[in-house]
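Reading through the structure tokens given below for one structure.
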Amino acid sequence: MDKRKLNKRREFSEQIRKKVVAQFRSGTYTVKELADLYHCVPQTIYRWIYKYSPADSPRVNVVEMSKSADKKVQDLQDKIAALQRAVGQKQITIDFQQKMIDLAETEYGLDLKKSTSGKRSTGSGAAETE
């Protein structure tokens with residue numbers, strides 16, 4: 001015959017719950033000691049504390065970035081700024097070169113832009129024999 005022990009559900013009155021919370025808040029007992037004293041689990045005591053003591057209710061914890069994460073963010077922002085400067089300088093160079101090409105075309109009649117109608121290079125450098 002299988003004998004199993006059935007757990008009995010116990011109900012504590014509101015008066016006892018408030019008394020337990022008062023004992024915890026006064027510093028007389030810890031949560032673990034109260035749980036042992038009243039034969040319940042510490043989670044039950046914490047639930048009572050949160051319910052009957054608004055000052056101890058669970059709060060939202062704000063997670064702040066560590067200093068190393070702050071440094072990484074700052075390093076990335078510095079890198080972005082350096083890249084933006086480099087792109088700006090390259091754009092100035094491109095604009096200058098374009099202006100020089102336009103001036104050469106108008107002043108000297110030179111066609112410096114790549115012509116698409118020209119003969120294509122074989123790229124091998126070897127002379128063709130016919």
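Values quoted throughout were computed directly from the atomic coordinates according to the rules given, and no laboratory measurement underlies them. Just so you know, these numbers come straight off a predicted model, no measurement behind them. Here the Cβ positions follow ideal geometry from the backbone for every residue, glycine too, while neighbour counts run over all protein chains shown.
Couplings 3J(HN,Hα) for segment 29-39, derived from phi with the Karplus relation 6.51 cos²θ - 1.76 cosθ + 1.60 (θ = phi - 60°), are 10, 8, 4, 4, 5, 5, 5, 5, 5, 9, 6 Hz, where x marks Gly and Pro. Modelled spin labels at D102 and K71, positioned 7 Å past Cα toward Cβ, are 4.9 nm from each other.
Sorted on the mean count of surrounding Cβ atoms within 10 Å across their residues, most packed first, peptides 28-38, 74-84 read 28-38, 74-84.
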